[in-house]
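The values are calculated or read from the model by the stated rules, or taken from the named source; none is laboratory data. Nothing here was measured: the structure is a model prediction, and the numbers come from that model. As a convention, Cβ positions derive from the backbone with ideal geometry for all residues, glycine included, and neighbour counts pool all protein chains shown.
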Amino acid sequence: MQPFRLGTRGSPLALAQAAMVRDALYAAHGWSDGAVEIVPIRTTGDRVQDRALAEIGGKALWTKELDRALLDGEIDCAVHSMKDVETVRPAAIAIVAMLQRADVRDRLIGAATLADIRADGVVGSSSPRRAAQVRRRRPDLQIVLFRGNVDTRLTKLAAGEVDATLLAAAGLDRLGRPDIGTAIPVDEMLPAPAQGAVGIETRADDARASAIVGAIDHLATRICVLAERAVLAALQADCHSPVAALASLSGDTLTLRAELLAEDGSDGVAGLITGAVGDTAMPARLAQDLLDRASPAIRALFAG
């Protein structure tokens, strides 16, 4: 019998996440070793490392090659870091499952706190959201483009190219590096929507693959991540848009927080909404509230 083929990017973190999905499938279905084949697929985002994603195609650079392989039947499912998945997905592809979410926070590496970075220091980041949040707290700091996998970024930091950088705690943990950097509380730096979540997609018409993958879905993670993604959809946000969002679940009550920022960090607006899990209009209400209270400069970055 042909192994169940699991497509993934080829970075160390992506492969670690794919292995997590493989092991979850083994546990859920009682499969033996070899029943799942991990198929690395090189993406444009992995190949082009000298420019910001927003300049060369946005989040699709992480997904389009995996989408093609999935739709062409070369793989049975695709594994993604959910924060790298475009808000609007092709109708022929379905997000079928998410693993239980890991630490959602960012970690600061190179200094204990943002306040400890030297005056007029340099911070490496490719994230508009992180750049704006850092500038909001430390307008004296210079932000420079910092792309590449975790090892590449840490090597650049060690070589003194920057004074500090920020990485997702979840990624460092999954790479076996839980002691690197200092986690920043979400009250100080709200994370990217879907940060810390791993998602698995199948072809929408593939009932067999959907059933196989659906067995490892973590419902609470799915509810929270889909709410955060719905905020992005309501804002019509893209890779240029500095936006943060985080949902939390307590019983049947969902709390959703979000923040919009000016690119230079000079202004920002934050909000919170609480309601029933089944209230699918809640993310759009929060998005509209933020836009209503935002400055014209911030509104221009979102729904126009």
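State yes or no: is residue 227 touching a strand residue (DSSP E or B) at 6+ places or on another chain (Cβ under 8 Å), surrounded by 20 or more Cβ atoms within 10 Å (Cβ to Cβ) and outside any strand (DSSP E or B)? Spelling it out, residue 227 is indeed touching a strand residue (DSSP E or B) at 6+ places or on another chain (Cβ under 8 Å), surrounded by 20 or more Cβ atoms within 10 Å (Cβ to Cβ) and outside any strand (DSSP E or B). Quick check: is even one residue across the stretch 272-281 in contact with a helix residue (DSSP H, G or I) (Cβ under 6 Å, 6 or more places away or on another chain) and part of a strand (DSSP E or B)? Yes; the residues of the stretch 272-281 include at least one that is in contact with a helix residue (DSSP H, G or I) (Cβ under 6 Å, 6 or more places away or on another chain) and part of a strand (DSSP E or B).
Please go through the stretch 103-136 and give me each residue that is among the charged types (D, E, K, R), over 18 Å from residue 147 (Cβ atoms) and in contact (Cβ under 8 Å) with a residue 40 or more places away in the chain, ordered by number. Those that are among the charged types (D, E, K, R), over 18 Å from residue 147 (Cβ atoms) and in contact (Cβ under 8 Å) with a residue 40 or more places away in the chain: 103, 105, 118, 135, 136. Regarding residue 5, is this residue of a type outside the set (Asp, Glu), surrounded by 18 or more Cβ atoms within 10 Å (Cβ to Cβ) and part of a strand (DSSP E or B)? Judged against the criteria, residue 5 is a match. Considering the stretch 251-269 alone, what residues qualify as being over 18 Å from residue 187 (Cα atoms) and part of a strand (DSSP E or B)? Scanning the stretch 251-269 gives a single hit, 253. Quickly run through the stretch 281-302 and pick out the residues that are within 21 Å of the chain's Cα centre (by Cα) and at pLDDT below 95. Once the filter is applied, which keeps residues that are within 21 Å of the chain's Cα centre (by Cα) and at pLDDT below 95, the stretch 281-302 yields 301, 302. Here the helices (runs of 4 or more DSSP H) wholly within the stretch 106-205 that include at least 1 residues being surrounded by fewer than 18 Cβ atoms within 10 Å (Cβ to Cβ) and touching a Pro at 6+ places or on another chain (Cβ under 8 Å) are 150-158.
Residue 84 meets all of the listed conditions (1) under 17 Å from the mean Cα position of the chain (by Cα); (2) touching a residue at least 60 places away in the same chain (Cβ under 8 Å) but one, namely (2).
If you go through the stretch 237-276 and keep only what is within 22 Å of residue 196 (Cβ to Cβ), touching a Gly at 6+ places or on another chain (Cβ under 9 Å) and surrounded by fewer than 18 Cβ atoms within 10 Å (Cβ to Cβ), you end up with 238, 253, 255.
Considering the stretch 28-42 alone, what residues qualify as being assigned to a loop (DSSP other than H, G, I, E, B) and surrounded by 15 or more Cβ atoms within 10 Å (Cβ to Cβ)?
Kept after step one, since they are assigned to a loop (DSSP other than H, G, I, E, B), are these residues of the stretch 28-42: 30-35, 41-42.
Within the stretch 28-42, 31, 35, 41 qualify.
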